[in-house]
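Trainee: What follows is a structure written as structure tokens; I'll ask about it next.
The values are calculated or read from the model by the stated rules, or taken from the named source; none is laboratory data. Quantities reported herein were computed from a predicted structural model and do not represent experimental measurements. Reconstructed Cβ throughout: ideal geometry from the backbone, glycine too, with neighbour counts over all protein chains shown. Note: areas computed on protein heavy atoms with side chains; ligands, DNA, RNA excluded. Shrake-Rupley method; radii C 1.70, N 1.55, O 1.52, S 1.80 Å.
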Amino acid sequence: MISIEFEYKIVSKVATLVVKKQINSLFLTVLTVLIMLIIVNVAANAASVNHYISAHHYSPSTITKQIWKGFPHYKYRHGKGKPEGVVVHETGNPNSTIFDEIAYMKKNYRNAFVHSFVDDDHIINIANTDYLCWGVGYPGNARFIQFEQIEMHSKKSFAHEVENAAYYTAYLLDEYNLKPNDAVYDGKGTVWSHGSVAKYMGGSDHTDPVGYYKKAGKKYFHKAYTMSQFYQLVLTNYKNIE
Ligand SMILES: [Zn+2]
């Protein structure tokens, strides 16, 4: 026969063990939930700009043609109206409007010009896309339609601009019977950044719009926006056009 005191000790020891076990399993549950939340959050952020655009049902701006007659007319290497893809630029100017940039380009077209400009609220085509422009140097100029993006300064305006840029890219591909093909990672295809043209073909040492996408993505969506995400958005828009 055991004493009451001894019995009490055993009971309390068992009770402590049970409580400890429960705390352990509670801790594990909380930890698991936390890890799952982090994973879900990372996945959401990774797709956040494109997701934000589709969640808010953003529709692109209307393409406005304001063709300026002053630009020279040179054929692409395969001829008039035969571009081989689209190059996406970004001005690198944090303090300009789309109208400032267009005015500047008309004045300085002898140094460089592109076909179109895009911001959160406009897609403005200023040079005939059947002829080449001078935005990436040789040999890319003789191959690609090119447009500039203006730097935006809010989450909403950046998302609107990226949607406009992706829609305009998809529109041009469709217009010239070009199939979407991401050229950024292998130097072959129809959708280019200025940076990828410079990397695979030369002509300049520019890297845009990668830095701008990275900075604006981090600032407004806590994660860098990338050309491969942009390409996915082009595909979405292309499917909607077809
Ligand atoms: Zn550029």
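Trainee: Return yes when Y231 is open to solvent by less than 10 Å² (accessible area, probe 1.4 Å) and either within 15 Å of the ligand (Cβ to nearest atom) or within 14 Å of V162 (Cα to Cα) (or both) and no when it is not.
Mentor: no
Trainee: Would you please name the residue that is farthest from the ligand (Cβ to nearest atom), looking only at residues in segment 185-200 that are in a helix (DSSP H, G or I) and closer than 18 Å to E148 by Cβ?
Mentor: Out of the qualifying residues, it is S196.
Trainee: Hey, another quick one. Given the condition surrounded by 14 or more Cβ atoms within 10 Å (Cβ to Cβ) and in a helix (DSSP H, G or I), answer yes or no: does some residue in segment 52-64 qualify?
Mentor: Checked against the condition, which is being surrounded by 14 or more Cβ atoms within 10 Å (Cβ to Cβ) and in a helix (DSSP H, G or I), segment 52-64 yields at least one hit.
Trainee: Restricting attention to segment 185-207, which residues are among the aliphatic types (A, V, I, L, M) and open to solvent by 30 Å² or more (accessible area, probe 1.4 Å)?
Mentor: If the condition is that a residue be among the aliphatic types (A, V, I, L, M) and open to solvent by 30 Å² or more (accessible area, probe 1.4 Å), then M201 is the only one that fits.
Trainee: Look at D182 and say whether it is open to solvent by less than 50 Å² (accessible area, probe 1.4 Å), farther than 24 Å from T64 by Cβ and more than 16 Å from the ligand (Cβ to nearest atom).
Mentor: yes
Trainee: Within the set of pairs 6+ apart or on separate chains, which have a first residue in segment 154-167 that is within 13 Å of L233 (Cβ to Cβ), a second that is open to solvent by 40 Å² or more (accessible area, probe 1.4 Å) and of a type in the set (D, E, K, R), and C-beta atoms under 6 Å apart?
Mentor: The qualifying pairs are H160/D120; E161/D120.
Trainee: Something else: I'd like to verify a number: residues in segment 130-169 that are assigned to a loop (DSSP other than H, G, I, E, B) and either among the aromatic types (F, W, Y) or open to solvent by 10 Å² or more (accessible area, probe 1.4 Å) (or both), how many?
Mentor: Number of matching residues: 12.
Trainee: Hey, among the residues in segment 117-150 that are among the aromatic types (F, W, Y) and within 17 Å of K69 (Cα to Cα), which one's farthest from the chain's Cα centre (by Cα)?
Mentor: Going through the qualifying residues, I end up with Y131.
Trainee: Residue check, A103 against (1) within 23 Å of G189 (Cα to Cα); (2) away from the ligand (no atom under 16 Å from the Cβ); (3) small (G, A, S), all met but one. Which one?
Mentor: For A103, the exception is condition (1).
Trainee: If the requirement is being within 14 Å of the ligand (Cβ to nearest atom) and out of contact with any Phe, Trp or Tyr (no Cβ under 7 Å at 6 or more places or on another chain), which of these qualifies: G203, G211?
Mentor: Just a single option satisfies the conditions, and that option is G211.
Trainee: Another one. Quick check: is even one residue across segment 202-214 part of a helix (DSSP H, G or I), basic (K, R), closer than 25 Å to D121 by Cα and without any contact (Cβ under 8 Å) to a residue 60 or more places away in the chain?
Mentor: yes
Trainee: In addition: Anything in segment 80-100 that is of a type outside the set (A, V, I, L, M) and away from the ligand (no atom under 12 Å from the Cβ)? List them, or say none.
Mentor: Hits for segment 80-100 are K80, G81, K82, P83, E84, G85, P94, N95, S96, T97, F99, D100.
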